[in-house]
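**Q** Just passing along the structure, written as structure tokens.
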Amino acid sequence: MEALPGLAWHRPRAAPMDPESAARPYRGVPQDFESRPLFDLLRSAAALDPDALALVDGRDRISYRDLLRHVRLAARALGDGGGPVAVLMPNTPAGLAAVLGCLVARRIVLLLDAQQPAERNALILSDAGATALVCAADAPALPVAGLPRIAIASLFAGTDDPAWEPPAAFGPHDPAIVFFTSGSTGRPKGIVRPLWSLLYRSRVAIDGIHLGPADRMLNASQTTTDASVARYLAILCTGGRIVLYQPNIDGLAALRERLIAEAVTFLVAGPALMRVALSLPGMQDAFATLRDWTCGGAAVLRADLDAARGIMPAACVFRTTYASTEAGVVASWAIPRDLDGHGPRVPSGWLRAGMEVALLDASQGVGELVVRGPGVALGEWQEGRCVPGRMPADPEHAGWRVFRTGDLVRIGDDGLLHFVSRVDQQIKVKGVRIEPAEIEAVLRRVAGVTDAVVMARTVAEHAGSEETVLVAHVAAAGDRAAVLEALREHLRLALPSVMRPSQIEVHDRLPRMAGGKVDLRALAQHAQAGLVRRTLSAILPRRGR
């Protein structure tokens, strides 16, 4: 990243806490929470009630006693401080226990989502430098030569030793876990985080929500993100219960059932799922025990907030966050009940303390958000090692790094952050950040496709809400029906459902401006002469099936 001279840096004050959380009984966390070994934190939480449930899903239920045993066995099986381990994590109690075991064993975790297409995971592993792949026994084969597979169940098959002590923990600046996001070069990119920063993010949640042993969290967001892992750690380090749920697999009926059966108090769900859930019958009973609903990852509209409050318990706090894998939590807040005067889009929240922010190329109060602080990721994972990439060291603060978010924002006089738009063409769909270049690279690999552009389009839903969908414009030669069928199959195999375009437009060639660039305006207006188009709704399964 180029130097950024002359920026006016601002250090935010501590964000105000909502009165409901402030009044809740609260044990707190030790002052050195982020620096403590992970196994010690888990052991302290288990000591509160070893037989309390730590992890549940639709089939398995693991107590804190069993969780410690699983983590010990996995850490011992993996050995002390070897090379990076790729974990193809199923969203199950055993899958999460395996990840914890890797971290306790001081093995760098390359975290892969078992629900992602095998082709994409194989692309990630092709140059990730993993020494082994930890996965479920029935996980699909990935064509990566010479990479040993370790079945998750085998990690827990040894003889337990309750007196076992873990190796030295990760240091505050040691790479510990790599999260893979959509990449602007057409390949997924790995963002490297130390365990310290995940525990710091956990502390933000624990202190902000006053989490404790009585809490049950259901996370309906993607499980292999830094936000999800930090929330899991926050619950497990305070003795609460994680209720695992997979929207695309379990379905909406299971969401209602688990909310009721587990008396969930803390729900994490993005706007898109929220809009569907709120329209289902019987959801008022499902939300009866909620005290906190965190809705992050995408813009929240005032219509969303009003609809949620029409069915949530009166005392339930509605919370939004602004964060990224690279920057961590930048802003969050518990939205006041008397919110007024902010227009149709709800502000992202109060800027978090412990970092500094600046606006680059600001005009009329709007500029690109730049963040620096100890919570910025260590760098990018390239060819089996961590490099600074787009997160260079901050020359003014030891241990801090700098990151240009690419988001155009406005910071109000009251300190609230307002998202305006993206500087580049990066898109968020259902709370997942997407680089169109990665989708375009997949489209261009289909025989007959000569060019491709992916754009975002906002469509109206109901009650005044909006949704961002992806539209692909493809130039193709030859039999269009065959090309469309090939696209259908290739997109299904190569991309997760959230990255598959909702609509495709097929052109003889893409319109271009005088300088040679694709004319995006012409594409958006469907104005190119000779256009032949067809929507994917007729040829692709609905997203999430």
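The values are calculated or read from the model by the stated rules, or taken from the named source; none is laboratory data. Keep in mind it's a predicted model, so treat the numbers as computed, not measured. Every residue, glycine among them, receives a Cβ derived from its backbone with ideal geometry; neighbour counts consider all protein chains shown. Protein only, heavy atoms only, side chains kept; ligands, DNA and RNA dropped before computing areas. Shrake-Rupley method; radii C 1.70, N 1.55, O 1.52, S 1.80 Å.
**Q** Rounded to the nearest 5, what is the percent of antiparallel bridges among the DSSP beta bridges in the chain?
**A** Beta bridges within the chain, antiparallel portion: roughly 60 percent.
**Q** Separate question: Just to confirm, what accessible area per residue do you get for the chain at 1.4 Å probe, in whole Å²?
**A** The answer is 42 Å² per residue.
**Q** Follow-up question, since we're still on this one. Ignoring ligands, DNA and RNA, how do Tyr232, Tyr200 rank by accessible area with a 1.4 Å probe, largest first?
**A** Tyr200, Tyr232
**Q** Suppose R0 equals 60 Å; then what is the FRET efficiency for Arg27 and Arg512 from their Cβ-Cβ distance, rounded to the nearest 0.05?
**A** Given R0 = 60 Å and the Cβ-Cβ separation, E is 0.45.
**Q** Note down the accessible area of Asp40, probe 1.4 Å, to the nearest 10 Å².
**A** Spelled out: Asp40, probe radius 1.4 Å, area about 60 Å².
**Q** What helices does the chain hold that run 18 Å or longer along their axis, going by alpha-carbon atoms, with a Kyte-Doolittle average of -0.5 or more, using DSSP H for the helix calls?
**A** 64-78, 195-209, 247-261, 480-494
**Q** Determine the calculated [θ] at 222 nm for the chain from helices alone, applying -39500 (n - 2.57) to every DSSP H run no shorter than 4 residues and normalising by the residue count; nearest 500 deg cm²/dmol.
**A** It comes out at -7500 deg cm²/dmol, rounded to the nearest 500.
**Q** How much accessible surface area, in Å² rounded to 10, belongs to the heavy atoms of Val471 with a 1.4 Å probe?
**A** Spelled out: Val471, probe radius 1.4 Å, area about 10 Å².
**Q** Roughly how far apart, in whole Å, are the Cα centres of the stretch 51-96 and the stretch 196-250?
**A** The distance from the Cα centre of the stretch 51-96 to that of the stretch 196-250 comes to 15 Å.
**Q** A follow-up question, please. Fully extended, how many nm does the chain gain between Arg337 and Ala118 (0.36 nm per residue separation, minus their Cα-Cα distance)?
**A** Between Arg337 and Ala118, full extension yields 74.4 nm more.
**Q** Also, I was wondering about something else. Gln525 to Asp174: FRET efficiency via 1/(1 + (r/R0)^6), r the Cβ-Cβ distance, R0 51 Å, to the nearest 0.05?
**A** 0.50
**Q** Please give the contour-minus-distance gain from Ala477 to Arg13: 0.36 nm per residue of separation, less the Cα-Cα distance, rounded to one decimal in nm.
**A** 161.3 nm
**Q** Ordering Lys430, Lys189 by accessible area with a probe of 1.4 Å, largest first, what comes out?
**A** I get Lys430, Lys189, largest accessible area first.
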